[in-house]
Structure formats: C-alpha cells, structure tokens
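Participant: Submitted below is the structure of interest, expressed as structure tokens.
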Amino acid sequence: MFTYLCFMINEKSVLALIHLIDDPDDSIYEHVRGQIKSYGKDAIPILEHSWENEDLGLLFQHRIEEIIHEIQFENCKEELLQWKNSVEKDLLKGAIIVAKYQYPGLKVENVYNELEKIKKDIWLEINSNQTAFEKIKTFNKVFYEIHRFKGNTQSFHSPLNSFINTVLETKKGNPLTLSLIYSIIAQELEIPVYGVNLPNHFVLCYMDKNNVQMMLPEKSKYGVLFYINTYSKGTIFYENDIVQFLGQLKITPDRSHFEPCSNTIMIQRMLTNLIASFQQVGNAEKVEELIELRSIFE
C-alpha cells in the first residue's frame, strides 16, 4: 500500500515584516527578506495571502514572489539532502521532491493515488502461476494499452517528461521517468524489476530471483533474466543487445551497464535530464538552480 505524510505548520509572526517589503531602501529590503526567509516554509501561506489581497503595487508583488521562490527552493534543497542521507532512499519520495522543485504546491496524495490505481489494475491481471515473461507481458498490457503510457517522441527534451506528476497526468515521458514509474509499481507487486543506468538511455532489468537461469544453457553473469525497454512499450531484450548498443556508441561495456543502479543514481540522472531540458529552452536561472540541487550528490 502506498503511503504518504503531509505536515503543515502556520507561522503568523511574519505579518509585521510583510508591509516593509516594498521599502525603497535596498538595505532595508535585504534585511526584511532575510528575516522572512528565516521562518522558512511557515511564512509562505502568509506571503501568498498578502500577494492576493493587498494591492500595494508591482514591486510589492514581485518581491513577495521572489521570497516565496527562494524559500521553496531552500526547502527543496533541504528535503533532497535529507533524502540523500536517509537509509532507505525511497525512489518515489525522491522523484516527488524533484517534482516539487517545479510544482511546490504539488498534491502528493494525487501521485500516490494514481500509482495505487495502476498497481491495482495490474494486480488484478497477474497471478503467482505466471512466468516472469508472462507477468511482464500482462504488466505491459495494462501499463501501455489500458493506461496508455508511452514515450514522448515528439517533445523528447521537454522538462515535463522528467516530473513524475506530469508524466502520470499526460501518460508521456522520457525513458528514465517511465522506467521509474514502471519499477516502483512492479516492486510494490513484488516483481523484481530495477533500473539500469545505460548511457544515452535508461532501461530496466528483471532480476533472476528464482534462479530460472539454472535451467538455461547460457547464464547471465549479472543475475539478470532479461531487460525491459519502457520507452518502447516494454520490449524485452538481452545482454547481447546492450553490448551492441554500447558498440554503436563506441563505449566499452562496464558492469554498471548491465546491473541495477541505485535510487540515488536515478534521482541524479533525473536532475541531469532536467538541466539539459531547461538548457534547451534557454532558462538559465533554472539550470543554475538544478545544478545546485545536483551538487548535493557530488
């Protein structure tokens, strides 16, 4: 069962400072801004209420927007740092933190509810007597045909492809985010599917938990039964296909190209994809902030 936590704390002591935000003296504004930011996210509801209800001019509104964004960004950094230092490094929670960078008001429960719905639809079709191949075939039918997920081939570099909430909403994403959603649901269903950090692509592997390969003439030295291309409707492929793919890129094969990667690497790569996406659209401010977020892992 997917679960989530939501905490809200209201802090009203910033009210006296808000009316000093549009002071023409920059040194006073910097002091006021620092004081308000010291309250953290508790100050945001008060700032938003003032922005909506007090007509004090464009400078007032612009500075409130600036302070709100700075608080939200600092909060995102703090959450990401806590996630990185946590023991479990829950993949879904990591993806939600990244999404909250762009959508700070994200209703987290909507993400969990949508994933739960997809999981239940797949669970109804899968049974314990199915082979690994049969389970993935059933999974793919529900994921791609019923819920209509697909790779966003028309707007591959769009930032929307990297936020879990927008991918769940539009049903279109890049290889990494589709793989992330696919693997989160699969693992909830106790299907051993994990991410593989291939260069220029991201895929999944189905781990051979039941030693099926003991009955096969050729065994994978990486403990993988087969691989899954989520960007291509869950197509199954094998180790030799990865070797050929790397050969086309003129990259020497490495164990990391065949084995499951960590959740940390997946979130790092998500941030890297977003940096590239915002570079494409020329948003230097977001590129700078995302590089700062990624540096948490470095």
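Participant: Pick from 180, 189: which is within 16 Å of residue 271 (Cα to Cα) and touching a residue at least 12 places away in the same chain (Cβ under 8 Å)?
Facilitator: 180
Participant: Now, a different point. Just to be sure I understand, how many residues within segment 223-256 are surrounded by fewer than 13 Cβ atoms within 10 Å (Cβ to Cβ) and touching a residue at least 40 places away in the same chain (Cβ under 8 Å)?
Facilitator: 1
Participant: Out of 13, 38, 50, report the one residue that is among the small types (Gly, Ala, Ser), loosely packed, with under 15 Cβ neighbours inside 10 Å and either touching a helix residue (DSSP H, G or I) at 6+ places or on another chain (Cβ under 7 Å) or at pLDDT below 65 (or both). Talk me through it step by step, then tell me what you get.
Facilitator: Numbers: 38 fails: either touching a helix residue (DSSP H, G or I) at 6+ places or on another chain (Cβ under 7 Å) or at pLDDT below 65 (or both); 50 fails: loosely packed, with under 15 Cβ neighbours inside 10 Å.
Matching residue, one of 13, 38, 50: 13.
For every residue, the table says whether it meets (1) of a type in the set (Val, Ile, Thr); (2) under 16 Å from the mean Cα position of the chain (by Cα); (3) assigned by TED's automatic domain parsing to the domain that holds residue 280.
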site	(1), (2), (3)
180	no, yes, yes
186	no, no, yes
224	yes, no, yes
229	no, no, yes
233	no, no, yes
238	no, no, yes
245	no, no, yes
248	no, no, yes
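Participant: Output the residues belonging to segment 219-236 that are among the charged types (D, E, K, R) and on the phi < 0 side of the Ramachandran plot. Please lay out each step first, then the result.
Facilitator: Of segment 219-236, the ones among the charged types (D, E, K, R) are 219, 221, 233.
Once the filter is applied, which keeps residues that are among the charged types (D, E, K, R) and on the phi < 0 side of the Ramachandran plot, segment 219-236 yields 219, 221.
Participant: Assess whether residue 295 counts as being among the small types (Gly, Ala, Ser) and closer than 16 Å to residue 89 by Cα.
Facilitator: no
Participant: Turning to a different aspect of this structure: Give me the pairs: first residue in segment 119-132 and touching a residue at least 24 places away in the same chain (Cβ under 8 Å), second residue of a type in the set (S, T, N, Q), beta-carbon distance under 6 Å, and six or more apart or on different chains, which are they?
Facilitator: Cβ pairs passing all conditions: 126/138.
Participant: Please verify whether residue 120 is assigned to a helix (DSSP H, G or I), closer than 23 Å to residue 143 by Cβ, at pLDDT 95 or above and not assigned by TED's automatic domain parsing to the domain that holds residue 143, treating the condition exactly as stated. Give the steps one after another, and end with the answer.
Facilitator: Values: assigned to a helix (DSSP H, G or I): yes; closer than 23 Å to residue 143 by Cβ: yes; at pLDDT 95 or above: yes; not assigned by TED's automatic domain parsing to the domain that holds residue 143: no.
No: the conditions fail for residue 120.
Participant: Mind listing just one residue for me: the one in segment 124-174 that is among the hydroxyl-bearing types (Ser, Thr, Tyr) and outside any helix (DSSP H, G or I) and, of those, surrounded by the fewest Cβ atoms within 10 Å (Cβ to Cβ)?
Facilitator: Per the stated criteria, the residue is 128.
Participant: I'm trying to understand the selection: among the residues of segment 257-284, which are surrounded by fewer than 18 Cβ atoms within 10 Å (Cβ to Cβ), assigned to a helix (DSSP H, G or I) and at pLDDT 95 or above?
Facilitator: 264, 265, 272, 276, 279, 284
The values are calculated or read from the model by the stated rules, or taken from the named source; none is laboratory data. Remember, it's a predicted structure, so these values are computed and weren't measured experimentally. Counting neighbours? That spans all protein chains shown, and the Cβs are built from the backbone with ideal geometry, glycine included.
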